[in-house]
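The values are calculated or read from the model by the stated rules, or taken from the named source; none is laboratory data. Bear in mind that the values here come from a model prediction, so they are computed numbers and not experimental data. Glycine gets a Cβ as well: all are built from the backbone with ideal geometry, and neighbour counts include every protein chain shown. The protein model used for the area step is the full one, side chains on, heavy atoms only, and it has no ligands, DNA or RNA in it. Shrake-Rupley method; radii C 1.70, N 1.55, O 1.52, S 1.80 Å.
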Amino acid sequence: MIGILSGAIEVTVLQPMLYCKNATQQGLPLSVDPRVVYRGLAMSVTNMAVLTGMQFPLTGAVQRVFTGGAERRLSAAEMVASGAVGGALSGVACGPMELVMIQQQRFGGTLLATPLRLVRERGARVLARGFVTSSGREALFAGGYLGLGPALDRHLRERGVRAELAKAGG
């Protein structure tokens, strides 16, 4: 629950930067009107909660595939790969949610009306737009925070680095 709350706060605070990035990339004029700047916030918060909620169990499932269900220590490579695959799989949900968020930022619309409009205008395949890049980004991100970070933390602790420093390093 703390993770979801902190994610929601993060998304809310960073929304103006995301809006500016998206508007600039699309060649749209920038606005300071909060009704424009915060369009798509509900979907963005939902996206953060769903992604985090998916990446942990998906990474755990991939770890169980690597171990065949046996209780054994994962290698550093398996830890990173588990996180990366768990992140990549979360792209299935991430891509459509981000598409809706960007469309809301650009054109307005509600959480339900926006995806319905997209499907009506362009067909259901439009929801897969950006899937590869979203999955790739989430693979790198989750591979880092769910794989590389813990692997580096373990590596440093095994070499005598104090736990607090090892955590910071990992």
| Residue tally, condition open to solvent by less than 70 Å² (accessible area, probe 1.4 Å) and not in a loop (DSSP other than H, G, I, E, B), over segment 145-168 | 11
| request: Mind counting the residues in segment 1-39 that are among the β-branched types (Val, Ile, Thr), outside any helix (DSSP H, G or I) and in contact with a helix residue (DSSP H, G or I) (Cβ under 7 Å, 6 or more places away or on another chain)? | output: 0
